[in-house]
1. Just for the range 8-35: of the residues that are among the aliphatic types (A, V, I, L, M) and surrounded by 11 or more Cβ atoms within 10 Å (Cβ to Cβ), which one is modelled with the lowest pLDDT?
2. Going through the range 6-37 one residue at a time, which ones are assigned to a loop (DSSP other than H, G, I, E, B) and at negative phi?
3. Please work out which residue is surrounded by the most Cβ atoms within 10 Å (Cβ to Cβ), limiting yourself to the range 36-92 and to residues that are β-branched (V, I, T) and at pLDDT below 85.
Amino acid sequence: VFHGLILARAEVGQETRYEVQVKGRYRQRFPLVSREYLWVPSTCGCPALLPGTEYLLMAKRHVNHEHTLNRLLLPEHGYARPWTPRQARLARE
């Protein structure tokens with residue numbers, strides 16, 4: 001779970017790739033760097049994330065069996081809400 005600012009959006013095949021500036025971390029099960037790419041499959045019913053907008057995001061690290069792919073993935077049941085101080089407080093709790 002982290003607080004991120006969407007910097008850019010690109011359609012790549014059947015997925016959308018977002019460039020995200022990581023502004024804060026709440027629950028960290030894997031390391032994050034200051035800039036990450038967040039991948040969203042086209043099958044996700046998630047609303048499009050808007051560049052220039054801050055979100056509270058719950059993503060997972062996706063690593064394939066060969067360990068040749070390591071990326072942040074917003075799964076179908078992931079969480080993406082506009083960031084607000086209230087959302088941040090709930091994430092900390």
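1. From the range 8-35, those among the aliphatic types (A, V, I, L, M) are 8, 10, 12, 20, 22, 32-33; that's our starting set.
From what is left, the residues that are surrounded by 11 or more Cβ atoms within 10 Å (Cβ to Cβ) are 8, 20, 22, 32.
Working: A8: 96, V20: 96, V22: 92, L32: 84.
Out of the qualifying residues, it is L32.
2. We begin by selecting, within the range 6-37, every residue assigned to a loop (DSSP other than H, G, I, E, B); these are 13-14, 26-34.
Passing the criteria: Q14, Y26, R27, Q28, R29, F30, P31, L32, V33, S34.
3. Applying the first criterion (β-branched (V, I, T)) to the range 36-92 yields 40, 43, 53, 63, 68, 84.
In the following step, the residues that additionally are at pLDDT below 85 were identified as 43, 63, 68.
Working: T43: 10, V63: 13, T68: 7.
The residue in question is V63.
The values are calculated or read from the model by the stated rules, or taken from the named source; none is laboratory data. None of the values given here were measured: they were computed from a predicted structure. Glycine also receives a Cβ, built like all others from the backbone with ideal geometry; neighbour counts cover every protein chain displayed.
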